[in-house]
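Inspection log for the structure reproduced underneath, given as structure tokens.
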Amino acid sequence: DQPDMTKIAFGSSVGACRALAGGTIVWKPTASTGAYDLWQFVRGHSLSYKTFDPMVAWTYGSGEDSPDNVDYGAAKIAANHAYTVLGWDYEGGEQYIVLRNPWGWYVPTNDVLSGQWTSYDTSYWRPETLGTNGVFGLKAVAFKKYFAGIGCVE
């Protein structure tokens, strides 16, 4: 129940997706891609709010490495870490990218969607309570600041 995660630390998270699922890697660096275009990238690999291609996003090695010199600790986003991208949402005129921290905890509380996120999962609409099990919806503009890249295999 408590594997040694250091054995799989570092490397390419989107490369791991390719190793598991096959396909071609497609990715975008956040520094040179607009927040709207990042959100559209997620939407382009989604159906009914949920990604259908295995998708991940990763953060910079440290706040100093990011173009905006972010404070990961204050944001409750882990530096040098990979997250799964579950899908997207649009609420109150804001674009959100829905992610999951694989630790199952440590989720941001600012610039996030609250309540439930519902996506279509094979044969039913599946509700997910945001802020639990590591799942959160982050505003696309905040995603651009804290994350270094996003990618999937198709």
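The values are calculated or read from the model by the stated rules, or taken from the named source; none is laboratory data. Keep in mind that what you see is a predicted model, and the values were worked out from it rather than measured. Virtual Cβ from ideal backbone geometry, glycine too; neighbours counted across all protein chains shown. These accessible areas exclude ligands, DNA and RNA; they are computed on the full protein's heavy atoms, side chains included. Shrake-Rupley method; radii C 1.70, N 1.55, O 1.52, S 1.80 Å.
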Just for the stretch 138-154: of the residues that are not in a strand (DSSP E or B) and not hydrophobic (A, V, I, L, M, F, W, C), which one is most open to solvent (accessible area, probe 1.4 Å)?
E154
List, please: which pairs have Cβ atoms under 6 Å, are six or more places apart or on different chains, and start with a residue in the stretch 67-85 that is surrounded by 18 or more Cβ atoms within 10 Å (Cβ to Cβ) and end with one that is among the aromatic types (F, W, Y) and outside any helix (DSSP H, G or I)?
A82/W58
Residues of the stretch 113-137 satisfying the condition of being among the hydroxyl-bearing types (S, T, Y), farther than 12 Å from Y49 by Cα and in a strand (DSSP E or B)
Y124, T129
Residue pairs meeting the criteria (Cβ under 8 Å; at least 6 apart or on separate chains; first closer than 19 Å to G73 by Cβ and without any contact (Cβ under 8 Å) to a residue 60 or more places away in the chain, in the stretch 97-118; second open to solvent by less than 20 Å² (accessible area, probe 1.4 Å) and of a type in the set (K, R))
none
Matching residues in the stretch 66-95 (more than 10 Å from the chain's Cα centre (by Cα) and either under 21 Å from S12 (Cα atoms) or part of a loop (DSSP other than H, G, I, E, B) (or both)) number 15
Here the residues within the stretch 50-59 that are of a type outside the set (A, V, I, L, M, F, W, C) and within 15 Å of L138 (Cβ to Cβ) are T51, T59
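Open to solvent by less than 60 Å² (accessible area, probe 1.4 Å) and on the phi > 0 side of the Ramachandran plot, is that true of S48?
It is true that S48 is open to solvent by less than 60 Å² (accessible area, probe 1.4 Å) and on the phi > 0 side of the Ramachandran plot.
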